[in-house]
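One structure is given below, encoded as structure tokens.
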Amino acid sequence: MEKEVKDITRKQKNIRLIKDNNSILILAVLLLVCFLFVDGYKNGFSNVLVYSSIYGAVCIGLGIVMITGNIDLSVGFMAGVCGIATVLAFNAIYAATGNAVLSLIMGILAAFVAGALLGLLNGFVVAKIGVSPLIATIATNYIFKGLAFYFAKTSFPPTEPTIVKAFAKTQIFGLRWLTPAVILFFVLIALVALWMYKTRFGNALYIVGDNPEAAAFSGISVSRTVLLAYVICGLFAALCGFLMVSFDGYAIYTQGNALATFPISC
């Protein structure tokens with residue numbers, strides 16, 4: 001009897017897992033159809049993987065915010081500002097030390113600090129002040145766009161671009177679609193999925209998004225959870241900003257256009 005109960009429980013968990021991840025199954029079916037019936041899709045799929053690895057980090061971060069029932073329309077220029085911060089910090093450290101590795105580390109760190117601060121700004125306005133996330137992030141989007149334009153009106157590359165470009169351009173085993181950025185993207189997907197399903201904070205995100213009042217009654221700080229979600233989104237936007245610089249080999253204010261979540265003129 002106990003064995004039958006365990007089998008039923010395991011079956012129910014598997015069914016729930018399939019239902020919760022039905023979008024992945026749909027994606028797998030669509031990819032299979034494209035590979036089998038769309039001419040030339042195999043040849044262009046490498047581009048899909050490469051560009052997904054560059055811009056996919058923003059999708060992960062934005063998805064975390066959306067799970068809480070909010071939105072962030074500023075992620076495009078947030079990533080752009082973080083990419084600019086990468087190059088500014090890289091060039092400053094390289095000019096002072098001549099050490100490309102140290103400059104790269106500090107450039108990436110600068111991007112994450114910028115992303116965390118910009119995400120904190122969005123989260124504070126939405127979660128603490130109570131401004132509608134739609135209105136708040138449209139406003140900050142234009143603020144970030146102004147910052148990007150101020151610091152990078154024209155394209156400017158890192159002083160030593162080779163080490164910066166290596167992360168997005170290095171082809172492992174000579175395969176164009178297999179780069180450190182692609183590997184990192186899939187590792188991040190796996191880690192975030194585990195984090196969302198296996199941690200208290202990950203579960204709190206779902207509860208807040210499903211019913212904020214019930215979340216508050218269960219002891220979850222709704223405002224704190226939303227605030228942290230925006231900070232995490234900013235960190236993922238920072239990663240995307242660095243990867244855009246690594247892929248393009250330079251920073252420019254228009255890099256945020258590719259990630260604009262609503263039509264915007266430049």
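The values are calculated or read from the model by the stated rules, or taken from the named source; none is laboratory data. Quick caveat, the model's predicted, so the values are computed rather than measured. Backbone-built Cβ (ideal geometry, glycine too); neighbour counts: all protein chains shown. Note: accessible area is taken over every heavy atom of the protein model, side chains too, but ligands, DNA and RNA are not part of it. Shrake-Rupley method; radii C 1.70, N 1.55, O 1.52, S 1.80 Å.
Of note:
- A convex hull fitted to the Cα coordinates of the chain yields 176 cubic angstrom per residue.
- Relative contact order of the stretch 31-121, pairs being alpha-carbon contacts under 8 Å that are 6 or more residues apart, as %: 21
- Along the stretch 155-169 the Karplus relation, 6.51 cos²θ - 1.76 cosθ + 1.60 evaluated at θ = phi - 60°, assigns HN-Hα couplings of 5, 9, x, x, 4, 10, x, 4, 5, 6, 6, 4, 5, 9, 10 Hz to successive residues, with x for each Gly and Pro.
- Heavy atoms of the protein chains alone define the surface here; on that basis the stretch 108-266 has 51 Å² accessible area per residue at 1.4 Å probe size.
- Pairs of Cα atoms nearer than 8 Å and 6+ residues apart set the relative contact order; for the chain it is 36 percent.
- Within the accessible area of the chain (1.4 Å probe), percent carbon and sulfur: 68
- On the beta carbon distance between Thr199 and Phe45, with R0 = 30 Å, the FRET formula returns roughly 0.35.
- For the chain, the mean residue ellipticity at 222 nm estimated from helices alone is -25500 deg cm²/dmol, where every DSSP H run of n ≥ 4 contributes -39500 (n - 2.57) and the total is divided by all residues, rounded to the nearest 500.
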